[in-house]
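Peer 1: Can you read through this structure? Questions will come right after.
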Amino acid sequence: MNWIRLRRNLACLSAYGTATPATWSEISAGNVHGLATGTDGTLWTWGFNASGALGLGIPPTYVSYYPAKVGTSNDWDTAAAGGNNSLAIRSDGTLWAWGENSSGQLGLGDNVSRSIPTQVGTQTTG
């Protein structure tokens, strides 16, 4: 057992918590991670943080064995888990992306991976 990794994972887990919403709204499965929105507008993630796909702003070697809340917002409408990246739309219609971006798949105009949700453009659906 790798005690250093275990200690780091436990520290991250305690920082992000494992409490979950009472009911789930949507769920999406990616290559090695999952995303779900709660009916309360919260966004949750779990699995392997390859290239920052979990959106928690933590090291890419982290594995979350339980749902961890992404940020503090409670206005997430829908989310989709990709290969090693994630996309989500907030209730105001803004698009957010994070994770692997080696081919520009996040739509941010570059090829730099992101470890936290980053707004794509300024468009809204409203």
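The values are calculated or read from the model by the stated rules, or taken from the named source; none is laboratory data. Values in this document were obtained by computation on a predicted structure and should not be read as measured data. Reconstructed Cβ throughout: ideal geometry from the backbone, glycine too, with neighbour counts over all protein chains shown.
Peer 1: Among GLY83, GLY17, GLY30, GLY52, which is the only one that is small (Gly, Ala, Ser), in contact with a Lys or Arg (Cβ under 7 Å, 6 or more places away or on another chain) and at pLDDT below 95?
Peer 2: Residue meeting the stated conditions: GLY17.
Peer 1: Among the candidates GLY41, GLY34, which residue alone is in a strand (DSSP E or B), touching a Phe, Trp or Tyr at 6+ places or on another chain (Cβ under 8 Å) and within 26 Å of ALA22 (Cβ to Cβ)?
Peer 2: It is GLY34.
Peer 1: When the residues of segment 86-126 are filtered to those that are over 16 Å from ASN49 (Cα atoms), of a type in the set (Ser, Thr, Tyr) and out of contact with any Phe, Trp or Tyr (no Cβ under 9 Å at 6 or more places or on another chain), which remaining residue is modelled with the lowest pLDDT?
Peer 2: THR125
Peer 1: Determine whether segment 33-43 contains at least one residue that is touching a Gly at 6+ places or on another chain (Cβ under 7 Å) and modelled with pLDDT under 95.
Peer 2: no
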